[in-house]
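Student: One structure is given below, represented as C-alpha cells, and several questions about it will come after.
The values are calculated or read from the model by the stated rules, or taken from the named source; none is laboratory data. It should be emphasised that the depicted structure is a prediction, and the values quoted were computed from it without experimental measurement. Glycine gets a Cβ as well: all are built from the backbone with ideal geometry, and neighbour counts include every protein chain shown. For the accessible areas, the whole protein counts, side chains as well, though only heavy atoms, and no ligand, DNA or RNA atoms are used. Shrake-Rupley method; radii C 1.70, N 1.55, O 1.52, S 1.80 Å.
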Amino acid sequence: MKRAVEILRNIFGYNEFRHNQADIIQTLLDGNDVLALMPTGGGKSLCYQIPAICRYGTGIIISPLIALMQDQVDALKQLGISSAFINSTLDRDSQREIERALLDGELDLLYIAPERLLNEYTLNLLGRCHIALFAIDEAHCVSQWGHDFRPEYQRLSILHERFCDVPRIALTATADVATRSEIKSQLDLHHASTYISSFDRKNIRYQIDEGQNGLHRLWRFLQQEHPHDSGIVYCLSRKKVEKTAEWLTAKGRIALPYHAGLSNSTRQQHHNRFLRDEEVIIVATIAFGMGIDKPDVRFVAHLSLPKSIEAYYQETGRAGRDGLPANTWMNYGLQDVIMLRQMVTSSEAAENYKRVSIHKLEVMLGLCESGQCRRQTLLAYFGEVLNEPCGNCDNCLSPPELWNASEAARMALSCVYRCGQKFGVNYLIKVLRGKHDDRIQHNGHDQQSTFGIGAKDRVSQWRTLFRQLIALGYLEVDHEGFGVLRLTEKCRPLLRNESILELRRQREPDKDSKKRERRLPIEVLDEDRQLYNDLRALRKQLAEIQGVPPYVIFHDTTLAAISQLRPGNVDSLLEVPGIGQHKLDHYGEKVIEVVRAHIMSL
Ligand code: ADP
Ligand code: ZN
C-alpha cells in the first residue's frame, strides 16, 4: 500500500485517496475481487490503474467504449504510464506491435473491447502473458434490463474460468440494487468485496423545467448560465437533433449534431471537436453515449424526457466530472409524456419487460412533477438517504407554488368521461374551452355538460394540467398510438369529491433566474486572471502540438492553483494538485517561464 500512495503522489500528483479508492486498491493488491460502485467523476480509473502498476504483469481493462480508448491511452502517456489498446480501429501492424509489447511485459495497462477479448485468439494471447488484474468497466452493460445492454458482457464470466487466480474488478456508475446483483451473478463475482460510494454529485445543480417552447427556454438557460461554455444537449430523435443544432448555430453558438444516422467519420470529427475545442455544444441523441470522459462539460441539457431515472442520472452525470460547479437542465412537456408512454406500451417487447419499463417511466415522471428536493428523490432511488434538502436544485432554490387543482382536475376528468374516453388532449381542450368545431358538433359534444366550462383558462394551462394528470396516473394513454385518454381507478375518490389534488404551478423562468447569480465554475481572483489566461494559452499550444485535448495536459483546477500560488521554481510545482513527476519533467520549465514572464510584466 505504501507503493500505491507513492504512485498516487508521484505519478498522478494527488495527495489522498478519495471515496473507497484505498480499500479497493488494497483488496486488489491482496489478490481478491471487487465490485465498485462510484458516481461519475468519482475516480474509478485510479482503482485499477494503481494496482495494475503495482502488481506484476499487465492490467487488462475491458471497456465497450472504443471511441474513448485513444484518449485514455493519451492521458496515461501524459503521466508516463505505458499503455495501449486493442480494438477494431487498429491496423494489423499496430496490433502485432502491441501484442509483442504485451508478451514482453512492457505494458502496464491494456484496454480491450469485449468482443475482441472473447475471441479465442485473444484469450490464447492472454494465456501466454502475465496479467496483473482484469478490470470490467461499465459493468452495468451486463444487465439486459438496462439501456446499455451488451450481450458480450454476459460471457465475461469466462475470465474467471480461464484465469481463476487473477483478481477482477467490476466498475460502474449506474446500478440500482437489482443491477448490482445481476452484475455479481452474471460475472461470477459472488465472493467479491462490494464498495459503494455515495452517488451524490454535489457539484451538479438539477433543474427541471416544464412547458412548451423548449428551444426558447433552452436558449434562455444557455444565455443566462452558459454563454461560452461547452456542454451537451440531448434530444429524442435524429430530426430534432439536426434542427436544434441548426437553430443554435444560427443563433451564433458552435453546435454540432451527433446521432447514429451520421457517418462514422462525421461523428468522430464532431466528437473530437467537442473534446479539443472550447465552447463547443454537442447536440445528440443518446447515441452520444457512455463514457464521455471530457471532464469540463459545464452543462447537460435535455430537450425531452429520459426513459428512466437511471438514464437521466447517467446522462446528467456527464456534467462536471472535474468536480467544479455544473448545471443540468431539462425541459419536458405533454407531448413527451404521451409519446414515451406509447412507445413503451405499443412496443413488441415481452410483457415483463414492458412492465419494468412503464414503472421506470412512472418514477421518472414522479421526479419531474415532484415539489421535493430533486437530489433527495434521485438519491432515494439509488437507495441512499439524504437527510436535508440539498439547496442546489430548482425545488430547493425556488420552492414551487402549489395550488388546489381539484376543481379543474374534475372538469378535465369529467370531460374525458363525457366524451366517451375516445379522444386526445387537443380535442378535449377544445371542448373544455367551448370551441365550435365541426368534429365537436358532429359528435354532439357541444351539447354535453363540460362544453365550455373551462373557457376562462388558457390552452397552455389546460395542457399543463393534462400533463400532470397523465404523469400522476389519473389518466392513461391508449396503446394504439392515437393519444386517446382514459380514466384510471385513481380518479374515483377525486371525482367523488372524496379527495383533493394539489399541483405545482408552472414556473416562470425569467422570474426564477433573476433571483440567482450565475455560478462561475472556477474561482479565479481578478489579479490572477491574466496569468490564468496565459497558462490556458500555453496549455492550448501544448495540446495542439501533440493532438490531444487540453484537459489531458492540465485540468482547469491545476491552472487556477498555479495562477494563485505563482511558484518560483520547477520543484515547487509538485505542490500543485494534478502535477506528478512526468508532467513536471515535460512541462515544468514552460509553466515556470509563463509565471516568471507574468511577474516581470507587473
Ligand atoms: P470516473 O471514471 O469515476 O468517472 P475518473 O477516474 O475519470 O472518474 O476520475 C475523475 C477525475 O478525478 C479525474 O480527473 C481524476 O484524475 C480525478 N481523481 C481521481 N482520484 C483522485 C484523487 N484521489 N484525488 C484527486 N483527484 C482524483
Ligand atoms: Zn434540492
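Student: Tell me which residues, restricted to the stretch 515-565, are under 18 Å from Asp229 (Cβ atoms) and part of a loop (DSSP other than H, G, I, E, B).
Tutor: Those that are under 18 Å from Asp229 (Cβ atoms) and part of a loop (DSSP other than H, G, I, E, B): Arg516, Glu517, Arg518, Arg519, Leu520, Pro521, Ile522, Glu523, Val524, Pro549, His555.
Student: If I filter the stretch 80-92 down to residues being surrounded by 18 or more Cβ atoms within 10 Å (Cβ to Cβ) and closer than 19 Å to Gln546 by Cα, which single residue comes out as nearest to the chain's Cα centre (by Cα)?
Tutor: Selected residue: Phe85.
Student: Condition (residue is hydrophobic (A, V, I, L, M, F, W, C), more than 17 Å from Ala132 (Cα to Cα) and within 31 Å of the chain's Cα centre (by Cα)) applied to the stretch 93-111: is it met by at least one residue?
Tutor: Checking the stretch 93-111: not a single residue is hydrophobic (A, V, I, L, M, F, W, C), more than 17 Å from Ala132 (Cα to Cα) and within 31 Å of the chain's Cα centre (by Cα).
Student: Before we move on, is Glu476 exposed (fewer than 13 other Cβ atoms within 10 Å of the Cβ), at negative phi, assigned by TED's automatic domain parsing to the domain that holds Leu428 and modelled with pLDDT under 90?
Tutor: no
Student: Among (1) at pLDDT below 95; (2) more than 16 Å from ligand 1 (Cβ to nearest atom); (3) not aliphatic (A, V, I, L, M), where does Thr174 come up short?
Tutor: The failed condition is (2).
Student: Can you tell me which residue within the stretch 32-73, out of those that are open to solvent by less than 20 Å² (accessible area, probe 1.4 Å) and of a type in the set (Val, Ile, Thr), is modelled with the lowest pLDDT?
Tutor: Step by step, filter the stretch 32-73, then rank; the result is Val73.
Student: State which residue is nearest to Gln207 (Cα to Cα) when the search covers only the stretch 388-427 and only residues that are of a type in the set (Asp, Glu) and more than 16 Å from ligand 2 (Cβ to nearest atom).
Tutor: Here the answer is Glu401.
Student: Which of the following residues is modelled with pLDDT of 90 or more and exposed (fewer than 13 other Cβ atoms within 10 Å of the Cβ): Glu523, Glu517, Glu544, Glu508?
Tutor: Of Glu523, Glu517, Glu544, Glu508, the one residue that is modelled with pLDDT of 90 or more and exposed (fewer than 13 other Cβ atoms within 10 Å of the Cβ) is Glu544.
Student: Could you run through the stretch 134-190 and say how many residues are touching a strand residue (DSSP E or B) at 6+ places or on another chain (Cβ under 8 Å) and either free of Cβ contacts under 8 Å to residues at least 12 places away in the same chain or part of a loop (DSSP other than H, G, I, E, B) (or both)?
Tutor: Residues meeting the conditions: 10.
Student: Next up: Could you identify the single residue in Arg220, Arg155, Arg128, Arg150 that is modelled with pLDDT of 90 or more, open to solvent by 40 Å² or more (accessible area, probe 1.4 Å) and within 20 Å of the chain's Cα centre (by Cα)?
Tutor: Details: Arg220 fails: within 20 Å of the chain's Cα centre (by Cα); Arg155 fails: within 20 Å of the chain's Cα centre (by Cα); Arg128 fails: within 20 Å of the chain's Cα centre (by Cα).
One residue alone meets the criteria, Arg150.
Student: Also, quick follow-up: Please list, ordered by residue number, the helices (runs of 4 or more DSSP H) wholly in the stretch 1-95 having 3 or more residues that are within 10 Å of ligand 1 (Cβ to nearest atom).
Tutor: Here the list reads 44-54.
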